[in-house]
Each structure stands twice: as C-alpha cells, then as structure tokens.
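What follows is a set of notes on a single structure, which appears directly below.
Here, each number is a calculation from the coordinates, and none is a lab measurement. A quick note: this is a predicted structure, and the numbers were derived from the prediction, not measured. Every residue, glycine among them, receives a Cβ derived from its backbone with ideal geometry; neighbour counts consider all protein chains shown.
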Amino acid sequence: MSTSELGPTSHTYFSQRLRLHYVDWGNEGAPPLILIHGIRDHCRNWDWVARALRDQYHILAPDLRGHGDSEWVRGSSYAHLDYVYDIAQLLHQKQLFPVRIIGHSLGGNISLQYTGLYPEHVQKVVSIEGLGPPPERMRERAQQSIQLRSHGWIEAQRALAGRVPRRYASFEEAVVRMREANPRLNDDQCLHLTHHGMNQNEDGTYSWKFDNYVRAMSPHRTQIDDLRALWGEITCPVMLVRGAESWVSDPERDGRANAFRDPHIVTIDKAGHWVHHDQLEEFLGHVRSFL
C-alpha cells in the first residue's frame with residue numbers, strides 16, 4: 001500500500017489540562033495546513049479535503065474540545081475564546097509557523113479570531129461560512145441586559161444537565177439521522193461521517209461523540225463590533241466561502257465582508273452549509289488556487 005493510500009495517525013496534546021485529539025496526515029517537510037471543523041462535528045469530516053491536499057501540505061486536523069475524540073470540559077462552558085486558545089496551544093506546541101488554516105462554521109470563526117490575534121503566524125486563511133449569525137441577530141442579543149443573557153445561559157445549562165444523549169438502536173439508524181441533517185450527502189459520506197462521529201455504548205446502542213453542552217451560547221460571547229475589529233487586524237489573504245443555497249447570510253450584502261482588508265469571496269452553487277461536502281471538487285479548485 002502506498003503512503004498516499006494510508007489514513008492519518010492519531011495524536012494527543014494538552015490545553016487547559018484537557019487531553020485533546022488531532023490527526024496528522026504526514027508529509028512533515030511540507031508547508032503546514034490546519035483544518036478546523038464546526039460545531040457537533042469531528043476532525044474526520046475533512047478526510048476528503050485532506051486526501052486531496054496531503055501531497056502539497058503537512059495537514060493536521062484537530063478535534064475541538066467536547067468533540068470527536070477530545071475530552072469533554074468539566075465545570076465550565078465552551079466559549080469561543082477557549083477554542084481559540086486550544087488551537088493556539090496546538091500550533092505553539094508544534095511550532096507550525098507560518099501556517100495556512102481552513103475552518104468550517106464554528107471552525108471558520110475560530111480560524112478568523114486566531115488569525116486576527118496572531119496575524120504574523122498565518123499565511124492564508126479560508127473560512128467556510130464562519131462569520132457567525134447575521135449581524136442584526138448579534139446586535140439584538142448584544143442589546144439584551146447581562147442579567148437576561150446570564151439567566152438564559154443558566155437555564156440552558158440546567159436543561160442540558162438533564163438531557164440524556166440520544167441512543168440509536170443500530171448504526172444504520174444513526175446513518176439515517178446523518179442523512180436527515182444534510183440530505184446532500186452521498187452514501188459513502190453518510191457512512192464515513194457516522195462511523196467517525198459515534199461511539200458504541202456498553203448496551204450495544206450508539207451515541208454521537210460530541211458533548212451536549214457545546215450547544216449552550218455563552219452570555220459573554222464576542223460581539224459583532226469586537227469581531228470586526230479582530231477581522232480588521234488580519235494581514236494575510238482571506239477567502240470567505242459560502243454555499244449559494246445555505247441559510248447563512250451573504251457577507252457582502254450584510255456588510256461583514258467590509259471588515260476585512262481585501263477578502264476573496266466565493267459563492268458555490270448547489271451547495272448548502274457544508275460546502276466542502278456538497279461540492280467538493282469545485283471547493284478544492286478554489287482552495288488550491290487560493291493557497
């Protein structure tokens with residue numbers, strides 16, 4: 001079997017005393033590329049992208065805290081800045097500078113925040129629908145009092161504490177749920193994402209790997225003006241990718257693209273929120289050219 005046919009190797013590192021997992025696709029002499037997944041996802045969702053780019057780059061794909069094979073947080077919440085810190089620790093410990101980053105959704109948000117904080121460390125960054133909720137929704141939330149936001153967070157924490165992870169009677173039943181979440185996935189994608197996204201319980205049932213607490217929104221979430229300020233600090237080329245049929249708003253129309261110095265904006269037809277799954281080859285064409 002050739003090296004190009006082999007999958008990635010699994011590794012761990014530590015951040016805030018959490019044991020976090022990442023996969024390494026090899027090719028250590030090549031320029032580093034980090035792939036950061038979205039909420040309730042896992043690092044193996046990047047496998048198709050990684051296989052296509054592994055000959056040109058040294059690719060690492062982490063499982064965010066509370067996701068995949070990384071540890072769940074105890075006694076705290078999943079704030080965006082905590083995720084940013086974990087990525088900063090991985091890159092610092094591995095000394096992967098300068099780095100290229102591709103992030104999807106939450107991972108795209110993390111990618112842009114990290115790049116704004118450490119512009120000297122990032123050579124290029126691609127964010128797939130990673131700008132967060134539409135500006136008007138974020139401003140509505142920001143206008144709420146800290147009491148109201150905090151009460152909402154406390155109630156959400158209590159509700160999540162009583163939420164039992166769903167158990168699927170069979171692996172096939174979980175695959176059906178995966179297809180419901182994104183009807184655009186083909187059979188191989190559904191099987192692959194479900195296989196790497198689940199654990200089998202002791203009673204033989206299956207449950208998703210992610211921690212339900214990742215669903216709660218921090219009352220101190222970074223506000224849109226702060227995000228725009230961070231985005232404005234980015235000095236490297238930025239590519240913002242969105243699916244033409246996604247629920248996410250267009251960053252040119254809603255004004256968020258204006259916060260970047262010179263963004264390269266790509267809208268891909270016949271794609272929803274998971275652009276890199278829905279239209280892989282077209283996405284790879286844009287990414288190869290940009291990187």
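Tabulated data for the structure shown
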quantity	calculated
Among 137-144, 56-63, the order from most to least packed when residues are scored by Cβ within 10 Å on average	56-63, 137-144
Value of [θ]222 nm, deg cm²/dmol, for the chain, DSSP H segments ≥ 4, -39500 (n - 2.57) each, nearest 500	-10500 deg cm²/dmol
Chain lengthening between Ile146 and Gln95 when straightened (0.36 nm per residue, less Cα-Cα)	14.5 nm
Potential extension, Asp24-Arg253 segment - 0.36 nm per residue separation minus Cα distance	78.7 nm
Those aspartates and glutamates that a straight Cα-Cα span of less than 15 Å connects to Lys94, excepting residues fewer than 8 apart in one chain	Asp24, Glu28, Asp86
Packing-based ranking, highest mean first, of 5-16, 159-170, 114-125, 191-202 given that Cβ atoms within 10 Å are counted	114-125, 191-202, 5-16, 159-170
Most fluctuating residue given options His220, His21, His104, as computed from a GNM of the chain linking Cα atoms under 10 Å	His220
